[in-house]
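Every number in this text was worked out from the coordinates using simple rules, so none of it is lab data. Please read these numbers as outputs of a predicted model, since none were measured by experiment. Note: ideal-geometry Cβ built from the backbone for every residue, glycine included; neighbour counts use all protein chains shown.
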There are 2 protein chains.
Amino acid sequence: MNTVLITDVTLRDGLQIVPRWVSTPDKLRIAHALPHCGVRKIELTSFTSPKAIPSLADADELASLTARNPQVCYTALVPNLRGAQRALAAKMDELNFVFSASEAHNQANLRMTIAQSLAQLEQVISAAGGTPVNVSLSTAFGCPFTGAVAPAHVIALMQEVQRMGASSISLCDTTGMGSPADVERLTQAALSLYGEQGVTGHFHDTRGLALANAWAAYREGGRRFDAALAGLGGCPYAPGASGNASLEDMAHMFQISGVNTGLNLEALQPLAEEIAALTQEPIQSRLHKAGPAYALKVCQ
Amino acid sequence: MNTVLITDVTLRDGLQIVPRWVSTPDKLRIAHALPHCGVRKIELTSFTSPKAIPSLADADELASLTARNPQVCYTALVPNLRGAQRALAAKMDELNFVFSASEAHNQANLRMTIAQSLAQLEQVISAAGGTPVNVSLSTAFGCPFTGAVAPAHVIALMQEVQRMGASSISLCDTTGMGSPADVERLTQAALSLYGEQGVTGHFHDTRGLALANAWAAYREGGRRFDAALAGLGGCPYAPGASGNASLEDMAHMFQISGVNTGLNLEALQPLAEEIAALTQEPIQSRLHKAGPAYALKVCQ
């Protein structure tokens, strides 16, 4: 039986653009509950400017208050050296350095050119010491401002950051523009560079393709994915569209396909309800309406 | 470039359990508009008892009033000989004979045993003369009453109906219980029996897997799919869950994957809005919220 590792990104990408403030104790309750649902990797927060992402302004406090489960890898997004220093001080197990494959998106999101981001990455890797640095390559499947992103450009960036010392890569479909065919192509390339444990698929469900893309990546050999409780998240450039792949729906897809996720679906669902109530965002997960496929209905 | 044929099933499976009556002239407007969007196969209605499916009670009238486009194949669901006779009288291009792989579901849905359905199929094929008979095998990926349906049983039924003279087969995930792995397995088996032009994937999005399943089938060589405008439809045993694969979202997925659908997405969207307004059902299609992936957003 194959196994996939699904990283929960609820507390970072899920909350990132949610307007309603979720308190640090509420975030802590989610962070502490996730390992009990079988989650083995958690993206806890983002060490960035509180002005840029007010909803994650408590990054340092949240990280210091989170009781670490020894079975869980705690990662956090960092956009620059300053963020990496904070993440290292907060004893994160991994730094998740983010930049965009698209100049326009990198500029809009991080106020840097790609070259400037790469210069930051060099310093981050140097500062990280033994802490692994994952690189999250945003807009790898398309940019909301400039459209298509050439796969050859994405592959060149993956090669470059590997030369610089990145341990692993996340292919991020930041605004849900990627097709399953695109995912197959870039996943193959990423796996050939970083291997099975070094490639994560980060798919958004903006156009309903998060699970199709996850399956396409899986069939190419991808074994690591990001997802958020309730499908929380969104894209400021596609209002009303749903956000991250739903953790519950993705776990369900893999489980009914005979792929081990280690996740407890029944335990995840109340947690998804909790984050939806805290954020007052809708539950995007289909499981909440239909229940899992193997729950038998009484004949009507 | 590969090509897929997506059959529009809005006027049959889409409307089947919708409580609000859609008038024959309104249905006709949809039927006449679909070919202008590039649709080349339409499931127009179901020739069944008006008591069983009141929303399709105008089957004979709708079929006789539909101006046939010579480029389009018009098919209709038939559950028995009586339905087939009506469909033949209405000059349908194909009869789509339906029964379930699950005894419990066949009984609930058609008030027949599988053996009785097969006896009806024999008479339907005999009455059909030169008109091709497709077999839609419901609950091929799971039954809402009895759970898992053994793939070997489904394959045996596919073989049996082929021996009886069925031209082609639709693998129907009637209540959205199938996984991509299930779809791969049965699509392979179906293709080996019926060939590329003889296998249709009919997927419901109850648990968010319609597009993942369609892609899984495509990668195995499946080239024919069913879908409904706005993702219309539903399952009486999974209230609130969405229904058929969305025609717009499926066409979008294939098109951005470089697969030809012949469909005009821009023309389909107002039609989806029209059927949603007529039925007062929600538009499930993600494209209506997010727009296609290649529509560029202005930088904010």
Extent along principal axes [Cα atoms of region B:120-184; Å; largest to smallest]: 36, 21, 16
Under the Karplus curve 6.51 cos²θ - 1.76 cosθ + 1.60, θ = phi - 60°, whole-Hz ³J(HN,Hα) for region A:195-200, x wherever Gly or Pro sits: x, 4, 7, x, 10, 10
GNM flexibility winner over chain B from B:R40, B:R207, B:R12 (Cα, springs under 10 Å): B:R207
Normalised per residue, the volume of the convex hull around the Cα set of the protein assembly as shown (Å³): 134 Å³
Residues B:V39, A:V4, B:V161, A:V22, sorted so that the one with the fewest Cβ neighbours within 10 Å comes first: A:V22, A:V4, B:V161, B:V39
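Let me have the 222 nm mean residue ellipticity of chain A computed from DSSP H runs of 4+ only, each contributing -39500 (n - 2.57), with the sum over all residues rounded to the nearest 500.
Taken over chain A, the calculation gives -12000 deg cm²/dmol.
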Per-residue Cβ neighbour rank within 10 angstrom, fewest leading, B:Y294, A:Y194: B:Y294, A:Y194
Phi to ³J(HN,Hα) by Karplus 6.51 cos²θ - 1.76 cosθ + 1.60 over region A:113-118, Hz, x for Gly, Pro: 6, 4, 4, 5, 4, 5
Relative contact order of chain B, pairs being alpha-carbon contacts under 8 Å that are 6 or more residues apart, as %: 19 percent
Per-residue HN-Hα couplings for region B:69-74 [Karplus 6.51, -1.76, 1.60; θ = phi - 60°; Hz; x = Gly/Pro]: 8, x, 8, 10, 8, 9
C-alpha center-to-center spacing [region A:107-142, region B:68-129] in angstrom: 59 Å
Three-way shape label, region A:1-119, alpha-carbon gyration tensor, a/c 1.5: prolate
Gaussian network model of chain A, springs between alpha carbon atoms under 10 Å - residue of A:L278, A:L211, A:L62 with greatest fluctuation: A:L278
A:A67 versus B:I17: modelled label distance in nm, points set 7 Å from Cα along the beta carbon direction: 4.5 nm
For A:I169, residues with placed amide H under 5 Å, excluding near neighbours: A:V135, A:V199, A:T200
Cut-off under 5 Å, modelled amide H: who pairs with B:F99 long-range: B:S136, B:S138
Amide N proximity, region B:241-272 versus B:N2 label position 7 Å along Cα-to-Cβ, cut-off under 20 Å: B:245-264
Cα gyration tensor shape of region B:156-284, rounded if a/c is under 1.5, else prolate or oblate by comparing a/b with b/c: prolate
Set A:K41/A:K289; B:K51/B:K289; A:K27/A:K51; A:K51/A:K289 screened for pairs whose C-alpha atoms are more than 29 Å apart: B:K51/B:K289; A:K51/A:K289
Within a Gaussian network of chain B (alpha carbon springs, distance under 10 Å), most fluctuating of B:A90, B:A290, B:A104: B:A290
Ranking of A:S49, A:S138, B:S100 by count of other Cβ atoms within 10 Å, fewest first: A:S49, A:S138, B:S100
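How would region B:5-290 be classified by its alpha-carbon gyration tensor: rounded, prolate or oblate, with rounded meaning a/c under 1.5 and the a/b versus b/c comparison settling the rest?
rounded
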Gyration tensor (Cα) of region A:1-71, equivalent ellipsoid semi-axes in angstrom: 23, 14, 10
Sites A:H32 and A:Q280 - FRET efficiency at Förster radius 22 Å, r taken between beta-carbons, to 0.05: 0.50
Relative contact order (%) - region A:175-222, alpha-carbon pairs under 8 angstrom, separation at least six: 54 percent
